[in-house]
Structure formats: structure tokens, C-alpha cells
Amino acid sequence: MNLLIIAPCLLSPFYVYRGPKEKEYRTAQLLRELIGELSDDWQVLAYPCPEYELIGWPRAPASREVYERLGMRERAKVIADFIGRVITEERPKKVVFLGVKGSPTCGVFHTSSSDPEGYPYRAMQEFFYLSKEERLKRSREIVEGQNFRLVQMPGILFEILMARFPEAVYVEFDKDDIGGSIERLRNVLGGSARHRNEGNGARVEGSEESLSGQKR
């Protein structure tokens, strides 16, 4: 057995902090199609969303440093324990982790960074009462006002996972490069998934929007 371990928001976009936009819907659609093409040797584990487990939904955009202050590391360790138990019991031959570029928790090689001192922590609770349109607007304001930056380091959960499971393969999904991300994952899966539209020249474009690394 091989095991693909995937950030849940990539399959079910409704976990995304502000609510899904078109790029989240498209990501989920194409990943579900890819998973459907996998051979019987593969199983898929979508672990609990760390940010949902800690804060709930909806929630304001926040950097890695902000989530550290909110106690994310302990929550992430619980999720890593769950993943570790599955790996220990099932003993997969190959383990592939798929995370999200820019995520404060599930970023693989890139996460979002900011100064936690001036963060509007009350916004986490305020988001619960906002409509989707209001959340989109407020999210942009927070990201711009907090000067979120994309930095080269893993998110909190993936830092823990990489230390515990260094032999696994790690792939980062970039929602602003959906087509490229799908192909990178396909290559890592070793040809187990075949593109149904192979040779037809189809191309998937990523969103032009960038929230300075706040991809979740």
C-alpha cells in the first residue's frame, strides 16, 4: 500500500479560512479527478484541518507567528500523532504528503510571516458574524495591513511532520499555479495516475490573485 496524505482544504474547499473562491473550487475538482485515477495500491488520508480544530470557521487570515501565539503547535502535534499512528499501523511502502504553499500550518516549503505584536486578534471572533462578501473584503484589509510575507520555511504542522517522517516525499500545492501543481503531484505519484485528457493540449490556469502568501 502507498499513502497520499493531503491537506483537507485541497479536497474540500469549505475549510478555507475566508470561504472558497474559484481557485479553491478548481483545485478540489482537479485533485479529486487525479485521485480517482490512482491505482488500487494507493490510499488517501485527509487529516483534520489544524486551523479549524483550533479556531473554527470562518476565521481571519493569520501568519505562522500569530498561530504560534494562539497555541497551534500543541494542536498540530495531536494531528501529527494521528498521522503517525496510521503510518505505524498500516506500514505503507511510500508516503507522500501534499501541503499548501503559503499556509501558516500546512505550508511545505513556504509559509506566511508577519509581526504578531500588532495583529487584530479580535478579528478571529468577528469573522464568525460576517457574510462571505464581508469576509473577503476584511481578509484583504488584514493581509495588506499586516504586511504578510511569503517566506521559505514550512508551516507549523509540516515542520513537525518533516522532523518525524523525513523518509516521506513532500509536495507543495500552489493554488496560483494549479496546472503545474497537478503535474508535479502526478510525477511524484510515479505514473500511477494517467491524465484522461493527455495529448489534447488542455491547460489549467492558476488564479492571478495573491494574498502575499496567505493561500489558505
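The values are calculated or read from the model by the stated rules, or taken from the named source; none is laboratory data. Here the structure is a predicted model, which means the values were calculated and not measured. Note that each Cβ is placed from the backbone with ideal geometry, even for glycine, and that neighbours are counted across all protein chains shown. Surface areas here come from the heavy atoms of the whole protein model, side chains and all, with no ligands, DNA or RNA. Shrake-Rupley method; radii C 1.70, N 1.55, O 1.52, S 1.80 Å.
A simple spin-label model places the labels of ASN187 and ARG164 2.9 nm from each other, with each point 7 Å out along Cα-to-Cβ. 3J(HN,Hα) along segment 170-187: 10, 10, 10, 9, 9, 5, 8, 9, 5, x, x, 5, 4, 5, 4, 5, 4, 5 Hz, from the Karplus curve 6.51 cos²θ - 1.76 cosθ + 1.60 with θ = phi - 60°, whole Hz, x for Gly and Pro.
If you build a Gaussian network model of the chain, linking Cα atoms that sit under 10 Å apart, which residue out of LYS137, LYS23, LYS77 swings the most? Residue with maximal mean-square fluctuation among LYS137, LYS23, LYS77: LYS137. Classified by the C-alpha gyration tensor, segment 62-122 has an oblate form. Its axis ratio a/c, with a ≥ b ≥ c, is 1.5 or above, and a/b does not exceed b/c. Average accessible surface for the chain: 48 Å² per residue, computed with a 1.4 Å probe over protein heavy atoms with every protein chain in place. Taking MET72, MET124 and ordering them by how much accessible surface each has at a 1.4 Å probe, largest first, produces MET124, MET72.
Residues whose amide H lies under 5 Å from that of ILE6, counting only those 5 or more places away or on a different chain, are LEU45, ALA46, TYR47, LEU98; hydrogens are built 1.01 Å from N in the peptide plane. Surface composition of segment 64-204: carbon plus sulfur atoms contribute 48% of the solvent-accessible area (1.4 Å probe, protein chains only, all chains present). Relative to the longest principal axis of the Cα atoms of the chain, the long axis of helix 132-146 lies at roughly 80 degrees. Dipole orientation for the chain: of the candidates TYR170, SER181, LEU30, LEU30 has the Cα lying most toward the positive pole (charges on Cβ; Lys, Arg +1; Asp, Glu -1). Shape analysis of the chain yields a ratio of the Cα radius of gyration to the Kirkwood radius, Rg/Rh, of 0.97.
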